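Below: one structure, written as structure tokens.
The values are calculated or read from the model by the stated rules, or taken from the named source; none is laboratory data. Keep in mind that what you see is a predicted model, and the values were worked out from it rather than measured. Quick reminder, even Gly has a Cβ in these numbers, built from the backbone with ideal geometry, and neighbours come from all protein chains shown. Just the protein is used for accessible areas: all its heavy atoms, side chains included, with ligands, DNA and RNA removed. Shrake-Rupley method; radii C 1.70, N 1.55, O 1.52, S 1.80 Å.
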Amino acid sequence: MRDTQTRRPSPLAFAASALGLTFGAPAWADDAAERLTERLDPLESYQAAFEQQILDGSGERMQSARGEMWLSRPGMLRWEVEAPYSQTVVSDGDDVYLYDPDLEQVTVQEMDDRVTHTPALLLSGSVGELTENYEVFYEQDGGEDVFTLVPVSADTLFEELSMVFDGDTLSELWMMDSTGQQTSITFSNITSNGNIDRGMFDFEIPEGTDVIREKL
């Protein structure tokens, strides 16, 4: 596990050097995309606990959260934040539900390109679309394999997304936005390609909850 106060995701060797990190030579984009495809193609489902931290541009922690997540291809996700507040995100492949029990409010949005380009839903989508929409770079860091994705289009929520694999297992996600703010997500208790009940991705709106439907 990395020190979240100092780790910076970047596909570029000079950026790594400036931070005092040692990486292997980056692979060319085509080779990196092929390597990433080999890792993600066999992944049909994924279940894990997670710890999430949001860092400002200087690496200082702003927020933290923990919870559990379940993912099944194609397009299905359940992301439950347990602390310090409760929040649930569910995608059934057609719609995405964001439920805040404290506010007694659920926001519903149809799946579209903007939504599916969020980091967690990227994993539930097509690997082919992933490698078409992002330039992929590959480096080794301390025995782990790091794939950094840089969006081809400007219409995304992040400037860089790094996927860290320990062997064949996805262990971390790192994101950086245009302001330099970073989000780190570290996974534990991981089960890849296990059986997940399809009902995990059905969301029933609780009675009395305000519903906001966002239009495309």
message: Please compute the length gained on full extension between Asp202 and Ser153, using 0.36 nm multiplied by the number of residues separating them and subtracting their Cα-Cα distance.
response: 14.5 nm
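Restrict the search to segment 158-216; then list the trypsin sites (Lys or Arg not before Pro) that DSSP places in a loop and that have at most 16 other Cβ atoms within 10 Å of their Cβ. Before the final figure, lay out each step's value.
Numbers: sites: Arg198, Arg213, Lys215; in loops: Lys215.
When the trypsin sites (Lys or Arg not before Pro) of segment 158-216 are filtered for loop state and at most 16 Cβ neighbours within 10 Å, Lys215 remain.
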statement: Sorted list, accessible surface of protein heavy atoms, 1.4 Å probe, largest first, for Phe187, Phe203 is Phe203, Phe187
query: Roughly how many Å² of Asp95 are accessible to a 1.4 Å probe, to the nearest 10?
result: 40 Å²
task: Calculate, in nm to one decimal, what Ser86 and Ile54 gain on full extension: separation in residues at 0.36 nm each, minus their alpha carbon distance.
output: 9.8 nm
message: Between Leu103 and Asp210, what is 0.36 nm times their sequence separation minus the Cα-Cα distance? Round to one decimal in nm.
response: 37.7 nm
